[in-house]
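**Student:** This is the structure I want to talk about, given as structure tokens.
Here, each number is a calculation from the coordinates, and none is a lab measurement. None of the values given here were measured: they were computed from a predicted structure. Reconstructed Cβ throughout: ideal geometry from the backbone, glycine too, with neighbour counts over all protein chains shown.
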Amino acid sequence: MSTVQKTISPVDGSVYVERALAEAAHIERTLAAAHRIQPSWAAMPLPDRAALLHRWVDCFLSHRDELLPELAWQMGRPMVAAPGELAGFEERFRHMIGIAGPALEDRQVGVKPGFNRFIRRVPLGVVFTVAPWNYPYLTAVNSIVPALMAGNTVILKHSAQTPLCAERLDQAAREAGLPEGVFQILHLGHDDTARVIADERIGFVAFTGSVAGGRAVQTAAAGRFIGQGLELGGKDPAYVREDADLEHAVENLVDGAFFNSGQSCCGIERIYVHHSLYDRFVEGVVETVKQYRLGNPLEPDTNLGPMVRTSAAMLVREHIQEALARGARALIDPGHFPTHREDSPYQAPQVLVAVEHGMRVMREESFGPVVGIMAVDSDEQAIELMNDSEFGLTACIWSRSEAASIAIGDRLHTGTVFMNRCDYLDPALAWVGVKHSGRGCTLSQVGYEHLTRPKSFHLRTAT
């Protein structure tokens, strides 16, 4: 078994980072330190923890000029888009710090003469965060910040594709003066990741990744009775109603489908359009997609980078070819994108019509720059098709009617319903999936509930 982790850059196929995987003694020291320091960290006043975490953000962002090209080299996102992740990182980080007080305050349960009764949220201990490569900073924030603010300590295992992101967070934590052991990182293989999950000192696992990865986490935690937050896959749908603002829908849904080369759990992978708008919508989408510039993400005019690896691009190509073999039509000529190569991660965007739900591209998570578009005759048909999926992360409705959007949203089997926007996480709202999109919740005050446990105080004050 290899003891070295290699990160192959999608930019040029070179080995960009090599890191030794943590040995058993290192893992043990990390677990022991996190477990040992946790009670004193939890005892620190909340404003003091908040001050340290705000300083952490400041230290992290002071390295902005180094962070941006590292993102491009590790996972292929164009430099022009990379600042958005850092802006979102800061927004989410500071928001979750700011709401910690209300989220963690004692909950009074009503007046009862002679008694003081309340519920207190208390930390779970050591939180193990397993973060993905596609939004390596944004997703890590979701569990790390509320876990620490709630009094837990955190061990972060980042994707093998983005190890420098873990190291940058660790570097900034040290610069900010977080006590030793409060936040630590480990570079781990699959077997050692499972062993850490199974360790009795781990109180919660926060995992973002594939459905198969989520199952592996559940298997590793089996019998331990600990909480698991699983942010898994998506096949997120959009519905363009007959009263939609067509131009707005086209612009935003193309971005929702192809931003980050379609490598987003809440990216748009299937679109249903009222038949009265269908032809004009499809025409607008095709013209907008043709404006992308696929290429080296380090070049300033590139706004569509390579996928993370060739095997990921091959899956997208399989989905496209299977759909074409079953009667779908491709509206984008890959030749329009000179850097598209079938033996590389550089995958041209594709728009498919004449699709149906028997095709893999409409059922399986493609996680790449391809979207299928179908015409529908009614809200009822759209709802039925949107719900016809094993995933349930987000869904979006494009309409001028808020009442209609809420009525439709009430019937959708998803964790989030958008109106006239998509592919966005608002840190004030609960981020949650249903079905194969996962379990648990991050962000918002509700997210704090999953990283703490309730402890009841029933105090008799009169004899």
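**Student:** For the range 12-39, list residues with backbone N below 12 Å from a point placed 7 Å from the Cα of Ala51 toward its Cβ?
**Tutor:** none
**Student:** Additional query: May I ask for the angle, rounded to the nearest 10°, between helix 163-176 and the longest principal axis of the chain, with both axes built from Cα atoms and the value confined to 0 to 90°?
**Tutor:** 40 degrees
**Student:** Can you work out the FRET efficiency for the pair Gln381 and Asp170, with r the C-beta to C-beta distance and R0 = 56 Å, to the nearest 0.05?
**Tutor:** Numbers: r = 50 Å, r/R0 = 0.90.
So the FRET efficiency works out to roughly 0.65.
**Student:** A further question on this structure: Going by how many other Cβ atoms sit within 10 Å of their own, how do Tyr135, Tyr346 line up, fewest first?
**Tutor:** Lowest count first: Tyr346, Tyr135.
**Student:** Does the chain come out rounded, prolate or oblate by the C-alpha gyration tensor, with a ≥ b ≥ c the root eigenvalues, rounded set by a/c under 1.5 and, if not, prolate when a/b is larger than b/c and oblate if not?
**Tutor:** Taking the square roots of the gyration eigenvalues as a ≥ b ≥ c, the chain is oblate.
**Student:** In degrees, nearest 10, range 0 to 90: what is the angle between the Cα axis of helix 246-258 and the longest Cα principal axis of the chain?
**Tutor:** On a 0 to 90 degree scale, this one is about 60.
**Student:** Looking at the range 359-402, which trypsin sites (Lys or Arg not before Pro) are DSSP coil and have at most 14 other C-beta atoms within 10 Å of their C-beta?
**Tutor:** Counting only loop positions with at most 14 other Cβ atoms within 10 Å, the trypsin sites (Lys or Arg not before Pro) in the range 359-402 are Arg400.
**Student:** Highest mean first, what order results for 438-445, 209-216 on Cβ atoms within 10 Å? Walk me through the intermediate numbers first.
**Tutor:** On the way: 438-445: 21.5, 209-216: 16.9.
So the peptides 438-445, 209-216, ranked by packing, come out 438-445, 209-216.
**Student:** Report D for the range 164-241 in µm² per second (integer): Stokes-Einstein, Kirkwood Rh on Cα pairs, 4 °C, 1.567 mPa s.
**Tutor:** The calculation lands on 87 µm²/s.
**Student:** Could you put Ser311, Ser276 in order, starting from the residue whose Cβ has the fewest other Cβ atoms within 10 Å?
**Tutor:** Going from least to most buried by this count: Ser311, Ser276.
**Student:** What does the extension gain come out to for Ala32 and Arg293, with contour length at 0.36 nm per residue minus their alpha carbon separation?
**Tutor:** Gain on stretching Ala32 to Arg293: 89.1 nm.
**Student:** With angles folded into 0 to 90 degrees, how steeply does helix 138-149 sit against the dominant principal axis of the chain? Use alpha carbons for both and round to 10.
**Tutor:** Rounded to the nearest ten degrees, it is 20.
**Student:** Can you tell me the FRET efficiency between Val109 and Asn420 if r is taken as the Cβ-Cβ distance and R0 is 45 Å, rounded to the nearest 0.05? It would help to have the intermediate numbers written out before the result.
**Tutor:** Values: r = 40 Å, r/R0 = 0.88.
For R0 = 45 Å, the calculated efficiency reads 0.70.
**Student:** Another question about this same structure. Please list, short to long, the whole-number percent of alpha-carbon pairs of the range 236-426 in consecutive 5 angstrom bins beginning at zero.
**Tutor:** 1, 8, 18, 22, 21, 15, 9, 4, 1, 0
**Student:** Here is a further query. Using only DSSP helix segments of four residues or longer, with each worth -39500 (n - 2.57), what per-residue ellipticity at 222 nm results for the chain after dividing by its residue count and rounding to 500?
**Tutor:** Value at 222 nm, helices only: -12500 deg cm²/dmol.
**Student:** Relative to the compact-globule scaling 2.2 N^0.38 Å, provide the ratio for the alpha-carbon radius of gyration of the range 85-243. Don't skip to the answer; put the middle values down first.
**Tutor:** Numbers: Rg = 18.2 Å, N = 159, 2.2 N^0.38 = 15.1 Å.
With N residues counted in the range 85-243, Rg over 2.2 N^0.38 Å equals 1.20.
**Student:** By counting other Cβ atoms within 10 Å of each Cβ, how are Cys59, Cys422 ranked from fewest to most?
**Tutor:** So the ranking, lowest neighbour count to highest, is Cys59, Cys422.
**Student:** Please give the Cα centre distance for the range 87-154 versus the range 1-77, rounded to the nearest Å.
**Tutor:** Cα centres, the range 87-154 to the range 1-77: 20 Å.
**Student:** Which of the lysines could be linked to Lys6 by a straight reach, that is with a Cα gap under 27 Å, when you skip same-chain ones fewer than 8 residues away?
**Tutor:** Lys157
**Student:** Can you order the peptides 251-260, 405-414, 382-391 by their average number of other Cβ atoms within 10 Å per residue, highest first?
**Tutor:** In decreasing order of mean packing, 251-260, 405-414, 382-391 become 251-260, 382-391, 405-414.
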